[in-house]
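Right, one structure below, let's go through it.
The values are calculated or read from the model by the stated rules, or taken from the named source; none is laboratory data. Source: prediction; values computed, not measured. Cβ placement follows ideal geometry from the backbone for every residue including glycine, while neighbour counts extend to all protein chains displayed. The accessibility values were calculated without ligands, DNA or RNA, using every heavy atom of the protein model including side chains. Shrake-Rupley method; radii C 1.70, N 1.55, O 1.52, S 1.80 Å.
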Amino acid sequence: MSTNTKDMGRREGAFEREPARRVFAAELRECRYQFKDGEDEKSPTFVLLPSGERSNRIFLVGTLTEKTRQGEQNIFYRGRVVDPTGTFFIMAGSYQPEAMQQLAKIETPAFVAVIGKPNLYQKPDGSYLASVRVESITVVDKDTRDLWVLDAAKHTMDRVDAYTKEPTPDILKAKEQYPTIDPSLFRKIAYDALAQIKI
């Protein structure tokens, strides 16, 4: 029996597992590396952000611009949520019945706050598509969206600053997996996003 506090947190509450990272769509779109932390089937799966931080869950806010219902027996919804840097592809299906019902009720366009798990899919041409499996989605107002942009910009810049300092195992792995990506690009993306909101 493990007494590892990380394991204990994982068993006790669904939302105690991992912090939900604030990530812009432009950074999530660059993700190419996904891994499991541990051997058993309950081990969490992480996407490694190019700025050098692992992410099991993300928190995003943007405009739900479209949604489509798909499937006959196994119904699920796909949607697009746009932030100032690009598009998040989201989905909710029968494994997330609450999230699916929430998404089904929302009329587009609407500002939404989403917590979900990032997933990477490799397409036949070798490129990757990052999507977010929704755990919860709520309609919010423009002020909430603007505050999220501020928050996401701060978190992004903190990650970029950490990347250039003491390298953690995740930062070293990011340098290995994303050798052509200069993390200062994400600082520029954060500044550009801030320039688009009026606070």
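Things to note:
- Filter result for the condition that a residue is modelled with pLDDT under 95 and on the phi < 0 side of the Ramachandran plot, over Lys123, Lys173: Lys123
- Residue in the stretch 96-116 that is surrounded by the most Cβ atoms within 10 Å (Cβ to Cβ), counting only those that are under 10 Å from the mean Cα position of the chain (by Cα) and closer than 20 Å to Thr68 by Cβ: Val114
- Number of positions in the stretch 126-161 that are more than 25 Å from Leu64 (Cα to Cα) and either in contact with a His (Cβ under 9 Å, 6 or more places away or on another chain) or modelled with pLDDT of 95 or more (or both): 5
- If only residues of the stretch 127-145 that are under 23 Å from Pro183 (Cα atoms) and free of Cβ contacts under 8 Å to residues at least 60 places away in the same chain are counted, the one that is most open to solvent (accessible area, probe 1.4 Å) is Leu129.
Here is a yes/no grid of residues against (1) closer than 17 Å to Met91 by Cβ; (2) of a type outside the set (Gly, Ala, Ser); (3) not in a helix (DSSP H, G or I):
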{"site": "Asn119", "(1), (2), (3)": "yes, yes, yes"}
{"site": "Leu147", "(1), (2), (3)": "no, yes, no"}
{"site": "Ala153", "(1), (2), (3)": "no, no, no"}
{"site": "Thr156", "(1), (2), (3)": "no, yes, no"}
{"site": "Glu166", "(1), (2), (3)": "no, yes, yes"}
{"site": "Lys188", "(1), (2), (3)": "no, yes, no"}
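- The residue that is surrounded by the fewest Cβ atoms within 10 Å (Cβ to Cβ), counting only those in the stretch 165-199 that are among the basic types (Lys, Arg) and farther than 22 Å from Leu147 by Cα, is Lys165.
- In the stretch 19-40, the residues that are in contact (Cβ under 8 Å) with a residue 12 or more places away in the chain and aromatic (Phe, Trp, Tyr) reach residues that are surrounded by 15 or more Cβ atoms within 10 Å (Cβ to Cβ) and assigned to a loop (DSSP other than H, G, I, E, B) with C-beta atoms within less than 7 angstrom, at least six apart or across chains, in these pairs: Phe24/Thr85.
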